[in-house]
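The values are calculated or read from the model by the stated rules, or taken from the named source; none is laboratory data. Keep in mind it's a predicted model, so treat the numbers as computed, not measured. Here the Cβ positions follow ideal geometry from the backbone for every residue, glycine too, while neighbour counts run over all protein chains shown. The area values use the complete protein model at the heavy-atom level, side chains included, leaving out ligands, DNA and RNA. Shrake-Rupley method; radii C 1.70, N 1.55, O 1.52, S 1.80 Å.
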Amino acid sequence: MDEKSLEMLEFHRVKEIIAGFTSFPASQKLALGLPCSNDYSRISLLLGQSTEARKLLTNEGEFSTGDVVDSREEVRMAARGRILEPLVLVSIGQTMAAVRRLRSKLSQMADEFPLLWDVARHIVPLNQLEKDISRCLTPDGEVLDSASPHLATTRQRLRTTRQQLHKRLEAIIRSARGRRIVQEPIITEREGRYVIPIKMDSRREIRGIVHDVSNTGATAFIEPWTTIEAGNELRQLVVEEQHEIERILQELSARAGAYEDEICNNIALAAEVDLVLAKARYARQAQATEATPVLFSDGNRPKGVETGILRLVKASHPLLGEKAIPLSVEMGRDFSILVITGPNTGGKTVALKTIGLLSLMTQAGLPIPASEESCMPVFDSVFVDIGDEQSIEQTLSTFSWHMGNIIRIIGQATGHSLVLLDELGTSTDPAQGSALAQAILQHFLSSGTIAVATTHYSDLKAFAHATPGLQNASLDFDPDTLAPTYHLTVGIPGGSNALATAARLGLPADIIEDARGVLAQGTQELETLLVDLTRQKEQAEDQRRELEKARHEVERQNTELESRLQRLQTEERTVIQEARDRVVREVATLQQEIRRAASQLRKARARETLEEGRRVLATVREQLKDEKWQPRVADDTGEELVSRISPGDTVWLKEANVPATVLSISAKNRQLEVQAGFTRIKLGIDGVARVTIPTGGDRGQPAPAIITGRSRSVPTELHLRGKRAEEVEWLLNGYIDDASLAGLHEVRIVHGSGTGALRNIVRELLPYHPLVKSFRPGGRGEGGNGVTIVQL
C-alpha cells in the first residue's frame with residue numbers, strides 16, 4: 001500500500017482504536033502494526049476469524065485469553081542462563097495456564113469456530129512446567145517448602161533454632177537481672193542478629209556484642225554471649241536457605257529456558273487470538289460488520305463471487321463515531337468513476353475518506369461500520385490526493401503540490417487500484433483546471449481504475465453526465481435553508497451553494513446580493529434547477545417512505561395473527577401439561593409421606609439407643625466414684641505440709657485434680673512452685689495435698705497409681721486450606737488446645753492467600769483465645785501472608 005496515502009487517510013488512528021481493545025502488550029503491538037494485504041485468501045481468512053469472534057462474544061460476552069503476560073524476552077534470557085525473579089517465573093506459569101485453558105475452551109467449540117481453533121490448536125500445553133512452578137512458588141512469588149526436601153528440612157531447623165533462641169532471650173529478659181537492665185522487654189533484630197535493648201548505663205552488666213545504639217544513645221542493642229552460638233547457627237541456616245532458594249530458582253529458570261520456542265510461540269498465538277477478539281470488541285461497540293471481499297474479473301476468483309464491485313451500505317467514517325452520517329454507494333458495475341459535487345463544508349472530503357478508509361480496513365481484516373451487504377474489491381493499492389502540503393522551501397505552490405502527487409499516482413495506479421482525488425483541478429485557472437480534470441478522469445476510465453473525485457466545476461458535472469462510465473453524485477442540502485445535510489445521493493449533481501454558505505457563515509447581506517447580481521443568468525438558472533430537483537427528490541422519498549410504512553403495517557398485522565394462533569396452540573399445550581403436572585405432584589406427595597413415615601421410625605429407634613447410652617454412662621460414673629479409683633492423699637494441715645514437703649515431692653492439686661512435682665517452697669509466703677506436665681504454677685499451700693508414700697514394711701508395695709492422659713505427638717502446623725468456613729473455628733480451637741498441652745510454644749496456621757476469607761476468620765478468632773500470646777503473618781521463607789505464626 002502507498003504509505004503517503006495511508007497517512008492522509010489516518011489509518012494509523014484506526015489501528016490505535018483496535019489496539020485499545022487488546023488485553024496485553026503482545027497483541028497491542030500486533031494491532032499497531034496491522035498491515036493491509038492484497039491477498040484475497042489472507043483477507044478472507046482474517047475477516048472469517050473476525051466473524052467467528054463476533055459470534056463467540058455474542059454467545060460468551062466475557063470470553064478472553066485470560067491472564068497472559070508477554071514474558072518472551074525473559075524466557076529468552078533464561079535460555080541463555082539467567083536466573084529469573086520469582087514473580088517472573090510465576091507470570092510464566094500463569095501464562096502457560098492461561099494459554100492451556102484458552103486452547104481447551106476453543107477445542108470444545110472447534111466445530112462452531114473452526115478458524116479460531118485452527119490458531120489455538122498449535123498452542124503446546126506445558127503442564128509439567130506449570131505444575132513445577134506452582135509447586136515451588138506462591139502467587140506472590142514466595143518459595144514454598146514443597147519446592148525441595150532440603151529446603152523444607154532447612155526451614156524446619158530454622159524455625160526450631162529461632163524458637164530456641166527466642167526462649168533463651170526471653171529467659172534473660174524475665175530474669176531478675178534482666179528486668180533491671182533491659183530498656184524494654186522485647187526481642188528485636190539488628191543486622192540479622194536477635195538482640196535485646198539494654199539500658200546504656202547497664203550495658204556492662206551483661207556480656208555480649210553491641211550491634212546498634214538508639215538515636216538518643218539511651219539504649220544499646222546487645223546480643224548476649226549465651227545466644228551467639230545459636231545466632232551463628234541461625235545465620236548459617238538463613239544463608240543455607242537462601243542458597244537453596246537460588247538453586248531452585250536457577251533450576252526453574254533453566255526449565256523455562258529449555259521451552260523457549262514453545263513458550264514464545266504460545267504467547268504469539270495467544271496474542272493472535274486476542275487481536276481477533278479485539279476486532280470483535282470494536283465491532284460490538286461501533287456496530288461494525290465484515291465486508292465481503294471481491295476480486296477483479298481477470299483474477300482466479302471462486303465461483304459465485306462478484307467481481308470488482310465496491311458496495312457500501314449505510315457506511316460511516318470510523319473516526320467520527322456517533323457524529324458520522326452514513327452513506328451508501330455502489331461502483332464497478334454501471335460506472336467506475338464517481339464525481340461528487342455539493343456545497344462547501346457539505347461533507348465531500350469526509351465521503352472521500354470514508355470510502356478509502358473502509359477499503360483499507362477491509363484489506364487489513366477489520367470489520368467496518370457499515371451494513372453486512374457491503375462488499376469491497378481487493379485493491380492492489382489505494383492512492384489519495386487530499387489536503388494542501390505546499391512547500392515554500394521547495395517553491396511548490398498548492399497547484400504544483402497537487403499536480404506532483406497526481407503525476408505520481410498516474411504512474412503507479414493500475415486497473416486494480418482505488419484513486420481518491422479531492423478538489424480535482426483547483427488552485428489554477430478554472431477553465432484550464434476543468435480541462436485537466438476531465439483529461440485525468442478520462443485516463444483513469446480508460447485504464448479501468450475505480451476513482452472518486454470531488455469538484456465544484458460545472459463543466460466537470462456535465463462531463464460526468466455525458467460520459468459513459470462516469471456518474472455524478474451530490475451531497476444534499478436543505479432546499480429551504482440551503483444548509484448541508486451530509487447525505488450522499490448518486491445520479492444527481494449538486495450545487496456549490498457558495499453564496500448560501502457564505503451567508504450562513506456571516507458574510508454581510510449586501511455583499512451577497514452584489515455577488516448574486518454578478519452571476520451569469522445561466523448559472524443562476526442551473527442553481528435554481530438543482531434546488532427544484534432536490535425538492536422533487538425529497539417528495540419522492542416521502543412517498544416511498546409512506547408506501548414502506550404501509551407495507552410494514554400489513555406485515556405487522558400478519559405477524560400478529562400468526563402470534564395469536566401460536567398463543568392459542570401454546571395455551572392448549574399448557575392445559576394438557578398442567579393436568580400431567582397435577583398427577584405428578586400427587587404422586588410426589590405420596591412419596592414424601594412414605595419417606596416421612598420411614599424417617600419417624602428411624603428417629604424412634606435412635607431415641608431408644610440414646611437412652612440406653614445414657615444409662616450406661618451413669619453406671620460408669622457411679623463406679624468411678626468408688627474409693628479404689630481415688631489417689632490416697634494425706635490430710636495434712638498447711639503448717640505440717642511446709643515442714644514435711646521438700647522439692648522433688650509429689651503433691652495433688654486440689655482444684656485441677658492432677659499430680660504435680662514440687663520445684664520450690666516459700667515458707668514465708670506459704671507458697672509453692674510446682675510443675676504439672678509442661679506447665680509451671682505458683683499457688684498457696686492450701687491448694688495442694690501431699691501424696692502418701694508408704695514407709696517401713698510397706699516400701700515394697702507400690703504407691704497409689706495416679707492416672708494421667710497419655711501424651712501424644714502434635715504437629716507444629718495446622719493446614720486449613722480447602723476447609724469450609726464453618727469448620728475453621730472448632731478445628732483451630734482444638735488444635736491450639738492440643739498444641740498447648742503438648743508444650744509447643746509456636747505453631748503455624750496454614751490458610752493460604754486465595755480470597756483471604758480463611759485468613760480473616762483465623763485472625764479474628766486468635767485474639768480471643770485464652771492460650772494465644774500473640775500472632776503475626778508469616779515472613780519471608782515462612783509462607784508469607786498465606787500463613788499465620790502463633791505464639792502460645
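At-a-glance table
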| item | result |
| --- | --- |
| Value of Rg/Rh across the stretch 401-444 [Cα atoms, Kirkwood radius] | 0.96 |
| Residues in the stretch 673-688 that a label on Thr226 would reach, taking backbone N under 19 Å of a point 7 Å out along Cα→Cβ | 680 |
| Overall form of the stretch 313-367 per C-alpha gyration tensor (a/c, 1.5; a/b vs b/c) | oblate |
| Under-5 Å amide H pairs with Glu142, H placed in peptide plane, nonlocal only | none |
| Label point 7 Å beyond Cα of Arg203 along Cβ direction - residues of the stretch 215-250 with amide nitrogen under 16 Å | 215-225 |
| Inter-site label distance for Asn59 and Arg585 at 7 Å from Cα along Cβ, in nm | 3.8 nm |
| Alpha-carbon centroid distance for the pair the stretch 318-335 / the stretch 104-144, whole angstrom | 43 Å |
| Extension gain, Leu87 back to Glu112 (0.36 nm per residue minus Cα-Cα distance, nm) | 5.3 nm |
| Inter-label distance for Glu170 and Arg80, nm, one decimal - labels placed 7 Å from Cα along Cα-to-Cβ | 5.2 nm |
| At R0 = 41 Å, FRET efficiency that the Cβ-Cβ distance of Glu191 and Gln285 yields, to 0.05 | 0.10 |
| Solvent-accessible area of Asp476 with every protein chain in place, 1.4 Å probe, in Å² to the nearest 10 | 20 Å² |
| Amide H contacts under 5 Å for Thr289, placed H, 5+ residues apart | Ile368, Ala370 |
| Förster radius 56 Å - calculated FRET efficiency between His243 and Val658, Cβ distance, rounded to 0.05 | 0.70 |
| Principal axes of the stretch 730-792: Cα extent on each, largest first, Å | 31, 24, 16 |
| Estimated distance in nm for a label pair at Glu513 and Ala550, the labels positioned 7 Å out from Cα along Cα-to-Cβ | 4.7 nm |
| Cross-link pairs beyond the 24 Å C-alpha cut-off, checked among Lys279/Lys353; Lys105/Lys131; Lys323/Lys461; Lys682/Lys773; Lys15/Lys353 | Lys323/Lys461 |
| Gained length - Ser563 relative to Glu7, 0.36 nm times residue gap less alpha-carbon distance | 194.7 nm |
